[in-house]
Amino acid sequence: MNRTLAVARIHLMDRANAVIVPWIVLAASFTVNVILWMLIPEAGPSGSGGIVSLYALGVVMIVVLVGRGLPFQLGLGVTRREFLSGTVLLAAAFSVGCAIALTGLNLLERATDGFGLQGHFFRAPWLTAVPDGELVVIYALPMVFFLGAGMLYAALWSRYKLIGSVTLTVALAFVVVGVVAVITWRDGWPGVGDWFRALTPLPVVGILGAVGAVSFAGAWLTLRRAPV
């Protein structure tokens, strides 16, 4: 356990990539939105989706940490198992930490009527329209999904390089096209629409979290034999 924590601490030595840059980008996106709300007041209540920037930078973060960190930390005598455990621990802490911070910012935005501009930046339409006690989960599980996907991509690149990354992309494209084709062939779009309309935010993020967990497991299996 101590060596797992040591792996996470080594990752955090790159604080700019692991912590600071994602939040700087989010702050920049928020600033742009505030300026927009001041210039176009009616734009505030509609929301902008700028919060997605934090999740996108989370993917970049995990890809860089795995790509740089695996050969470096193995060279320090860390085992693959310890590296993977420490990286997953950091990803979990990042997800929970971001979720707690975003929940606080959501509540602040609501309490100040969108920072006095009726803005919706930290509140996403429908997704965050849940009891306050569920907000941390609503914010955390999508981050698990994005970080899991990023780690799987980094693992495939580390082990198979370009071939692995392209194969994954093509396979996902075929799956999406295949699902769309089957639904269209069976005239199932009305049923799909009914199913989506019946969903509530918590099950949706639960599905994302489950996919993220499977992605972490895939990355774990892939990196166990990745060359360095």
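Values quoted throughout were computed directly from the atomic coordinates according to the rules given, and no laboratory measurement underlies them. What you see is a predicted model, and the numbers here were worked out from it, not measured in a lab. Please note: Cβ atoms are built from the backbone with ideal geometry, for glycine as well, and neighbour counts cover all protein chains shown.
Side notes on the structure shown:
- Residue that is surrounded by the most Cβ atoms within 10 Å (Cβ to Cβ) [pool: residues in the stretch 170-218 that are in contact with a Gly (Cβ under 7 Å, 6 or more places away or on another chain) and small (G, A, S)]: G212
- Summed over the stretch 10-43, residues that are out of contact with any Gly (no Cβ under 6 Å at 6 or more places or on another chain) and over 16 Å from S95 (Cα atoms) total 20.
- Members of the stretch 160-191 found to be among the small types (G, A, S), over 30 Å from L223 (Cβ atoms) and in a helix (DSSP H, G or I), listed by number: A181, G191
- Residue match in the stretch 153-166 (condition: under 15 Å from the mean Cα position of the chain (by Cα) and of a type outside the set (D, E)): yes
- Residues in the stretch 69-87 that are of a type in the set (S, T, Y) and farther than 16 Å from L147 by Cβ: T79 only.
- Number of the condition not met by Y139 [criteria: (1) closer than 18 Å to L108 by Cβ; (2) part of a helix (DSSP H, G or I); (3) over 16 Å from the mean Cα position of the chain (by Cα)]: (3)
- Set G86, G69, G49, G58: member being in contact with a Ser or Thr (Cβ under 6 Å, 6 or more places away or on another chain) and touching a residue at least 12 places away in the same chain (Cβ under 8 Å): G86
- Unique match (being farther than 22 Å from S29 by Cα and free of Cβ contacts under 8 Å to residues at least 60 places away in the same chain) among V175, V214, V136: V175
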